[in-house]
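*Asks:* Quick one: this structure, given as structure tokens, is what I'll be asking you about.
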Amino acid sequence: DGGITQSPKYLFRKEGQNVTLSCEQNLNHDAMYWYRQDPGQGLRLIYYSQIVNDFQKGDIAEGYSVSREKKESFPLTVTSAQKNPTAFYLCASSPGGQDWAGELFFGEGSRLTVL
Amino acid sequence: AQSVAQPEDQVNVAEGNPLTVKCTYSVSGNPYLFWYVQYPNRGLQFLLKYITGDNLVKGSYGFEAEFNKSQTSFHLKKPSALVSDSALYFCAVRDRWAGKSTFGDGTTLTVKP
């Protein structure tokens, strides 16, 4: 079945370590997104990519990095510069980019806990 | 800039009663509006959307929403709530040229038997 796969689902890391969250989609979607979810704060956009080899910063990009070398993959690295990385991270995709009028398709999320 | 407000953190209703989850938005152009639902430790699932046309849109699981341009609102409704509707609901807006969606802070719906 087509969909978005995020891994790992749960991740524990020590403070100061970089960690990479995986997001893979087999929907042949052009655009991909990373959101961070904290209790009571909804979803905040970290980075998004509307086409391979291109990406833009979202509202809270500091301390994060991404790459988009393949259409189906959009990994997110949480660096040691991110002050409060413990959160639930959601990856999403959409068939179109800037002019897409429809909904986003979400993965099941990755919960990162920094000890 | 675009923004979404969900004024209620929590909505409680009895099973069988109608429910409403409120959403207001702000965009510079014509809005695309969405409702999503999230169950604990899961991703978001799409419920319904307004792009253009009829102001009343129907979606999954018996939910519907009414687009009101003058009040810049897009409230989610269901005529008869089920216990299984208990979840976290997000409203989202997308300006046509923004290239990205903005989400509200979410409303926790609790339906009691």
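*Asks:* Quick one: order A:ASP38, A:ASP99 by neighbouring beta-carbon count within 10 Å, fewest to most.
*Replies:* A:ASP99, A:ASP38
*Asks:* I've got another one for you. Do me a favour and compute the ellipsoid semi-axes for chain A from its Cα gyration tensor, root of five times each eigenvalue, largest one first, whole Å.
*Replies:* 23, 14, 13
*Asks:* Then there's this: Once you have the Kirkwood Rh of region B:26-87 from its Cα pairs, apply Stokes-Einstein at 25 °C and 0.890 mPa s and quote D in µm²/s.
*Replies:* It diffuses with D of about 193 µm²/s by this estimate.
*Asks:* Note down the relative contact order for chain A as a percent, whole number, built from C-alpha pairs under 8 angstrom at least six residues apart.
*Replies:* Relative contact order of chain A: 35 percent.
*Asks:* Suppose we keep just the alpha-carbon trace of region B:1-104; what are its Rg and Dmax in angstrom?
*Replies:* 13.3, 40
*Asks:* What is the total of Lys pairs in the protein assembly as shown with C-alpha atoms under 19 Å apart, excluding same-chain pairs fewer than 8 positions apart?
*Replies:* 22
*Asks:* Tell me the relative contact order for chain B as a rounded percent, counting alpha carbon contacts under 8 Å between residues six or more apart.
*Replies:* Relative contact order here is 38 percent.
*Asks:* Right, next: So if each residue of separation counts as 0.36 nm, and I subtract the Cα-Cα distance between B:LYS69 and B:SER26, what length gain in nm does that give?
*Replies:* Length gained, B:LYS69 through B:SER26: 14.4 nm.
*Asks:* Using a/c under 1.5 as the rounded threshold, could you call the protein assembly as shown rounded, prolate or oblate? The axes a ≥ b ≥ c are square roots of the C-alpha gyration tensor eigenvalues, and prolate needs a/b larger than b/c, oblate otherwise.
*Replies:* prolate
*Asks:* If you scale each eigenvalue of the Cα gyration tensor by 5 and take the root, what three semi-axes come out for region A:21-89, rounded to whole angstrom and sorted largest first?
*Replies:* 21, 13, 10
Values quoted throughout were computed directly from the atomic coordinates according to the rules given, and no laboratory measurement underlies them. Just so we're clear, the structure is a prediction, and the values are computed from it rather than from any experiment. Note: ideal-geometry Cβ built from the backbone for every residue, glycine included; neighbour counts use all protein chains shown.
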